[in-house]
Protein chains: 2
Amino acid sequence: MRLSERAINVQASPIRKLMPFANETKKKGIHIYHLNIGQPDIETPKEMLNVYNNYDSKVLAYGPSQGLDIYRNNLVNYYNKHGIKLNSNDIIVTTAGSEAIVFALLTACNSGDEVIVPEPFYTNYNGFATMTGVKIVPLTTYAEDGFALPTDEKIKALISSKTKAIMLCNPGNPTGAVYPKEDIQRIAKIAIENDLFVISDEVYREFIYDGLSHTSILDIKKMEQLAIMVDSISKRYSACGARIGCLVSRNKEFIASAIKFAQARLCPPTIDQLAANAAIDIEEEYFKKIISEYEKRRNLVFEELQKIEDVICIKPKGAFYIIAKLPIDDSEHFAKWMLEEFSYENETVMFAPAEGFYATPGLGKNEIRIAYILNENDLKKAMKIFRKGLKEYKNRR
Amino acid sequence: MRLSERAINVQASPIRKLMPFANETKKKGIHIYHLNIGQPDIETPKEMLNVYNNYDSKVLAYGPSQGLDIYRNNLVNYYNKHGIKLNSNDIIVTTAGSEAIVFALLTACNSGDEVIVPEPFYTNYNGFATMTGVKIVPLTTYAEDGFALPTDEKIKALISSKTKAIMLCNPGNPTGAVYPKEDIQRIAKIAIENDLFVISDEVYREFIYDGLSHTSILDIKKMEQLAIMVDSISKRYSACGARIGCLVSRNKEFIASAIKFAQARLCPPTIDQLAANAAIDIEEEYFKKIISEYEKRRNLVFEELQKIEDVICIKPKGAFYIIAKLPIDDSEHFAKWMLEEFSYENETVMFAPAEGFYATPGLGKNEIRIAYILNENDLKKAMKIFRKGLKEYKNRR
C-alpha cells in the first residue's frame, strides 16, 4: 500500500536531518558545538524539579482536557503580571506549543485554506500545515532590514478568498526580530478589515533585549474575536522536555471548538502541568539573570559575526537566534562540510541551514541560523572555529 | 471570522460532555460512582513513581523525536516477552496512544480517504478522523453476539477505491470483545488481498480474561508491510496522566514518514518516558494480580446486569468495559436523569451513553458503556443503585 501524499511530502526537519552526520563526526572523537538546536543549557528552576521529586499521588491520573484548573488559574496570574487580563476559560493547556498551533489551525481553517506567515519562519509550521491541510502563504522578510514586517500593501496583496489567518512568531524564531507595537497594530487592522484570525506564537515573549518590551496580540483592542495566542514553557523555564504549552483566546466559540479537539486526545501530561504551575511563582530575578545572560551571548555572537567579511546580519532583538547571510552558495553543503571535512583542535561547529525556514523556493540558501544557547566561553570558541571554517570553506580547492 | 467546518462539526466527547451535570450533582452533596470513564483506581507502580521522585538532571531537555533510545530498546524487550520480535527502529514513542493514531492516519491516508472501523468504537476515533480529514466507514457489530466481527462478505462490501485501512481495537473499547486469532487472520487476508493497512489499537493487550490469549496484528505472517500497531501505557500501568504510547510497524517507509510528523512536534514528554521505561521491568506478578482483580470486577458487573430484566449483554473477554443494551429508549436521557433526578441514600451512578460510540445514526441509543474501574465494594453498591435507578426510570410518570 502506498503511503499518503502528505506523508510522502511532509518536510523532514531541516534542523534534525543533519544529526546522522553529527553522529559520525562524534564517532571520530571530534567535539561538536551545537548551535543548531534551541535546547538551552540553562538549568530548569528548582521549583519545577521539586514537583517531580515530591510527587506523592498513588495514581497518576488523567487531568481535564482543557488542563488542570489550578494551573489555568495560575496562568491567569502570569498573564496578568504581563498586563494581559484573562479568564481561566480563555486558556486551554496543550502538549507544548506544537499542539496549540495544530489546534489553532484546525479550528481556524479547513483543509485547503490559507494562512499568511512571514518567512523565514519556524520550520515546523510546515509540518503542522501538512498535518492540517493548510497552505502557508509566505510573506518574505529580509536579513538586510532585520526581518521587519513589509508594508501593508505587500501583506494585503497575499490575501485571497481562502485566507483565514495571519500567523506571526514574535519574538521570531529563527529571525530574533521583535515586532514593535505599531507593527502588531498594523497587522490587527488588516485582520479586522479582512476578517482574519491572527495566530501569534509568543513562546519567546520573555526573551527581549535592549530594554524593549513585548506586544502581545492579546494587548490589541478590538481583536477579542480574532486574536489567538500560542505559548509554551519550553524555553521560558528551560523545560523543553516537559511538553507544556497553551492556546489562548477571548473568542469563546473558538475555545469551545478547540476544546473538542483537546477532548479527543484526553489531556496534556499531568505531572508536567504541576511542574509548570510551580514555575509561575518564580521570582522576577530568575528571568532578569537569564535575559541578561542571553543578551551577553547575543552580543558576543553578533560581534563575532560582524568581524567576518561579507556576513550580513542585523542585531536581533529577541529569542535566542541569529540569521546570518554568508558569502557562500549553499549553506547546507557548508554545514555538512563543517561536520565531515573540517575541525580545529579536534572541534567543530554545527548550525542550521536556513533554507528550510523559507517556503519560497531558493530563498535562504546562503543563510544559516545560529542558536546562542551555550555559555560565553563555549560560544567564543565556537565562533572562532566557525570563522576559521568559513574561511577555509571559501578557499577550498 | 467563521470557524472551520471541521471545528464546528467535530464531535464533543460523549464521555466527557455529561461532566457539567455531574458537577451540579456533586454540589448538591450527592456522591457519584464514576463508571463513565476509563480512569482506573489501581495504583501506579512504585517503580514508575520512583523515577519522578529520583529525577536529578539539571536541565529537563528535549529527547529524540522517535523517543528515547533507552526506552525504545526496552520496548523491544517488552514485545519480545509477548512473542513479538521487533527492532527498536520499528518503534516511534508517541504522546499517548492518541498521537500514535493521528500519526497512523496521517501516514496511511490523505484527506478524504476512508478507514473501515468496527462499531461501536472508541469514540475519540471520531475526533482523530476529523483532525486528519479521514472518513470512518462503520462495520456494525452487535451486543447480541458479543460484538464479534461480521463475515468476510460484510467487511469486503465496505471496501471502496478510497479505503486505505481497516482499524481495529483489540481488546475492544467499548465492547470488551477479544478477537480470536482466526478473526485477525481473516482481517489480514482481506487486507493483503485489497492492499490495505491494518491499524490495530492494542492498548488493552494485557487485559484479557478466562485464560484467553491476545493476537497482535504484528503476530500475523505476510503482514510486515501492512501491519500498524498502536499502544499506550495509560491503562497497562494505570499511568493515564503520563501520556506515553507508541506506534509500531515493520514497514520501514511507513515509520520513516511517520517520524517526519513526529519531528514537527519535537518529542514526547521526557520524564514520563523514563517512568514508562522503568515500568517495563515490573515482574509478571504485578499484572497477574491486576488481571485477576479486573476479572473479578467484570464477573461482578456482568452478574449484576444479568439479574436485571431485559438487559442484553454478553460477558466481555477483555479491556474493562461492558456494553449493555437497556429496556429504554434514550440512554443519554437516562444518564442525565440519574444525575439530576435520582439518588439512593445520597448516592448515584454515572455511565457513558453508547450512542457516541457508533457512527451509524440511531444505533446505540438504548445502550450504555460501563467501565468497571472501581473496587468490588464500590462496584457492588454502584450496581445496586444502577438497578434501582433503572427500575424507577422505567416506572417514572
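The values are calculated or read from the model by the stated rules, or taken from the named source; none is laboratory data. In this text, all values refer to a predicted model and were calculated from it rather than measured experimentally. Cβ sites come from the backbone with ideal geometry, for glycine too, and all protein chains shown count toward neighbours.
Here are the numbers:
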quantity	calculated
Residue list for region A:189-205, filter: in a helix (DSSP H, G or I) and either in contact with a Leu (Cβ under 9 Å, 6 or more places away or on another chain) or more than 10 Å from every other protein chain (Cβ to nearest Cβ) (or both)	A:Lys189, A:Ile190, A:Ala191, A:Ile192, A:Glu193
Top-ranked residue of region B:56-97 - restricted to ones that are charged (D, E, K, R), part of a helix (DSSP H, G or I) and exposed (fewer than 14 other Cβ atoms within 10 Å of the Cβ), ranked as farthest from the other protein chains (Cβ to nearest Cβ)	B:Lys81
B:Ile370, sole failed condition from (1) touching a Ser or Thr at 6+ places or on another chain (Cβ under 7 Å); (2) among the β-branched types (Val, Ile, Thr); (3) within 25 Å of B:Ile42 (Cα to Cα)	(1)
Residue under evaluation B:Gln306, criteria (1) without any contact (Cβ under 8 Å) to a residue 40 or more places away in the chain; (2) surrounded by 18 or more Cβ atoms within 10 Å (Cβ to Cβ), criterion not met	(2)
Scope region A:244-257; condition in contact (Cβ under 8 Å) with a residue 40 or more places away in the chain, touching a strand residue (DSSP E or B) at 6+ places or on another chain (Cβ under 9 Å) and either crowded, with 22+ Cβ neighbours inside 10 Å or within 11 Å of another protein chain (Cβ to nearest Cβ) (or both); matching residues	A:Ile244, A:Gly245, A:Cys246, A:Leu247, A:Val248, A:Ser249, A:Phe254, A:Ile255
Tally, over region B:1-13, of residues that are among the hydroxyl-bearing types (Ser, Thr, Tyr) and either closer than 25 Å to B:Ile368 by Cβ or more than 10 Å from every other protein chain (Cβ to nearest Cβ) (or both)	1
Any chance A:Gln225 is surrounded by fewer than 24 Cβ atoms within 10 Å (Cβ to Cβ) and either in a loop (DSSP other than H, G, I, E, B) or β-branched (Val, Ile, Thr) (or both)	yes
Residues being within 14 Å of chain A (Cβ to nearest Cβ), among the β-branched types (Val, Ile, Thr) and within 23 Å of the chain's Cα centre (by Cα) - total across region B:258-302	1
2 or more residues within 17 Å of B:Ile368 (Cα to Cα): qualifying helices (runs of 4 or more DSSP H) within region B:246-329	B:284-306
Members of region A:14-55 found to be closer than 25 Å to B:Ala262 by Cα, in a loop (DSSP other than H, G, I, E, B), touching a Leu at 6+ places or on another chain (Cβ under 8 Å) and within 12 Å of chain B (Cβ to nearest Cβ), listed by number	A:Asp41, A:Thr44
Residue satisfying all of: in region A:150-166; without any contact (Cβ under 8 Å) to a residue 60 or more places away in the chain and outside any loop (DSSP other than H, G, I, E, B); nearest to A:Glu202 (Cα to Cα) among these	A:Ile166
Only listed residue being in contact with a Phe, Trp or Tyr (Cβ under 7 Å, 6 or more places away or on another chain) and free of Cβ contacts under 8 Å to residues at least 60 places away in the same chain, chosen from B:Asn36, B:Asn53	B:Asn53
Positions within region B:142-166 being surrounded by fewer than 21 Cβ atoms within 10 Å (Cβ to Cβ) and β-branched (Val, Ile, Thr), in sequence order	B:Thr151, B:Ile155, B:Ile159, B:Thr163
Search result, residues across region A:342-387 that are of a type outside the set (A, V, I, L, M), part of a helix (DSSP H, G or I) and under 29 Å from A:Ser292 (Cβ atoms)	A:Phe357, A:Glu376, A:Asn377, A:Asp378, A:Lys380, A:Lys381, A:Lys384, A:Phe386, A:Arg387
Residue pairs meeting the criteria (Cβ under 7 Å; at least 6 apart or on separate chains; first without any contact (Cβ under 8 Å) to a residue 12 or more places away in the chain, in region B:378-397; second of a type outside the set (S, T, N, Q))	none
Residue check, B:Pro118 in a loop (DSSP other than H, G, I, E, B) and either touching a residue at least 12 places away in the same chain (Cβ under 8 Å) or in contact with a Gly (Cβ under 8 Å, 6 or more places away or on another chain) (or both)	no
Filter result for B:Gly29 (in the same structural domain as B:Asn346 (by TED's automatic domain parsing) and either among the acidic types (Asp, Glu) or touching a residue at least 60 places away in the same chain (Cβ under 8 Å) (or both))	yes
Test: B:Gly364 is more than 18 Å from B:Glu144 (Cβ to Cβ), touching a residue at least 60 places away in the same chain (Cβ under 8 Å) and not acidic (Asp, Glu)	no
Residue check for A:Ile184: touching a helix residue (DSSP H, G or I) at 6+ places or on another chain (Cβ under 7 Å) and closer than 10 Å to A:Ile116 by Cβ	no
Search result, residues across region B:104-115 that are within 19 Å of B:Ile155 (Cβ to Cβ) and either part of a loop (DSSP other than H, G, I, E, B) or more than 10 Å from chain A (Cβ to nearest Cβ) (or both)	B:Cys109, B:Asp113, B:Glu114, B:Val115
Residue within region A:127-149 that is more than 12 Å from the chain's Cα centre (by Cα), away from chain B (no Cβ under 14 Å), without any contact (Cβ under 8 Å) to a residue 40 or more places away in the chain and part of a helix (DSSP H, G or I) present	no
Set A:Gly176, A:Gly241: member being assigned by TED's automatic domain parsing to the domain that holds A:Ile92 and in a loop (DSSP other than H, G, I, E, B)	A:Gly176
